[in-house]
Structures are given as structure tokens and as C-alpha cells.
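Notes to accompany the following structure.
The values are calculated or read from the model by the stated rules, or taken from the named source; none is laboratory data. All figures in this text were calculated on a predicted structure; none of them were measured in a lab. For neighbour counting, all protein chains shown are included, and Cβ atoms are generated from backbone atoms with ideal geometry for every residue, glycine included. Heavy atoms of the whole protein, side chains included, go into the accessibility calculation; ligands, DNA and RNA do not. Shrake-Rupley method; radii C 1.70, N 1.55, O 1.52, S 1.80 Å.
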Amino acid sequence: QVQLVESGGGLVQPGGSLRLSCAASISSFNFYAMGWYRQAPGKQRELVAVVTSGNSTTYADLVKGRFTISRDNAKNIVYLQMNSLKPEDTAVYYCYGGFSIRSYWGQGTQVTVSS
């Protein structure tokens, strides 16, 4: 059974940093595009960042220069390093994995940026 398990969320002050991790129990993990999405209260889920199987990355404009996505294919983990956090980054962050017609989501981890 495929599982994506996020960790690393929490409460942080504005300007602070967090690193999210997503451990994936996916065979052939290296073939998957992996990404992070987020959903704030009352808003739609939105893309934050994606890393392809070829290690190309894409970021939402709102997080460019502050967030970095990376993957470790040996450990089946994808990371999201978040720096210079702002209150508007507060949301539930979801891990996503996709390959061909297969797609999987994690259960989400809460990130709250507040003083």
C-alpha cells in the first residue's frame, strides 16, 4: 500500500525556517514527480513546488527564492526547506507523488507562522 507521510510542520515566528519531509513508500520512487501543495483556511489547494524525476524544479511565484524542494532517491524522501517564512505561508502542506496515471497524496502537516 502506497503511503506518503509528511513531517516537520509546526509553529514558527515570521522570518523563521522549517524543513518539511515526506517519506514515500513507493516502488520506483525515482520515476515519480514529487511535489508540495498547501491549503489555507477558506482557500483552494495550491502548488508550492515540484521536483521531477530528472530533478528539475518548479516553484510558485509566492515562494521563489525562499523555499527549496529536493529529493533523496536512496531514501525515498522529498524535502521542502522553507526560509523567511511569512504569516501568509500558514497552511496545511501536502506531499504529492505522480507518475503516469498514478497519483498519491499525504495526509498533510500544519505550518503556522505567527508571532
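Restricting to DSSP loop positions (anything but H, G, I, E, B) with no more than 15 other Cβ atoms inside 10 Å of their own Cβ, which trypsin sites (Lys or Arg not before Pro) remain in the stretch 69-115? Don't skip to the end; give the middle numbers.
Details: sites: Arg71, Lys75, Arg102; in loops: Lys75.
Taking the stretch 69-115 and a limit of 15 other Cβ atoms within 10 Å, the loop trypsin sites (Lys or Arg not before Pro) found are Lys75.
Send over a whole-number figure in Å² for the accessible area per residue of the chain, probe 1.4 Å.
Values: 6180 Å² over 115 residues.
Accessible surface, normalised per residue, equals 54 Å².
What is the ratio of the Cα radius of gyration of the stretch 32-95 to 2.2 N^0.38 Å, with N the residue count, to two decimals? Mind showing how you got there, number by number?
Numbers: Rg = 11.8 Å, N = 64, 2.2 N^0.38 = 10.7 Å.
Ratio of Rg to 2.2 N^0.38 Å for the stretch 32-95: 1.10.
For Lys86, which lysines qualify as cross-link partners when the Cα separation must be under 16 Å and same-chain residues fewer than eight apart are set aside?
Correct list for Lys86: Lys64.
What does the extension gain come out to for Ser27 and Ser7, with contour length at 0.36 nm per residue minus their alpha carbon separation? Numbers along the way, then the final one.
Details: separation 20, 0.36 × 20 = 7.20 nm, distance 2.03 nm.
Difference between extended and current length: 5.2 nm.
Quick one: check the C-alpha center-to-center distance for the stretch 1-22 versus the stretch 54-115, whole angstrom.
8 Å
May I ask you to compute the full-extension gain from Asn73 to Arg102, defined as 0.36 nm times their residue separation minus their alpha-carbon distance, rounded to one decimal in nm?
Details: separation 29, 0.36 × 29 = 10.44 nm, distance 1.81 nm.
So the extension gain works out to 8.6 nm.
Summarise the accessible area of the chain (1.4 Å probe, protein heavy atoms) by the percent that is carbon and sulfur.
So the carbon and sulfur contribution to the accessible surface is 47 percent.
Evaluate the charge dipole of the chain about its Cα centre and quote only its size in Debye, nearest 20, assuming +1 on the Cβ of each Lys and Arg and -1 on the Cβ of each Asp and Glu.
Numbers: 10 positive and 6 negative charges, 12 e Å.
About 60 debye.
Within 10 Å, count the other beta carbons around each residue, average over each peptide in 59-68, 28-37, 105-114, 86-95, and list them highest first.
Numbers: 59-68: 14.5, 28-37: 20.1, 105-114: 16.6, 86-95: 18.3.
Those peptides, ordered most packed to least, come out 28-37, 86-95, 105-114, 59-68.
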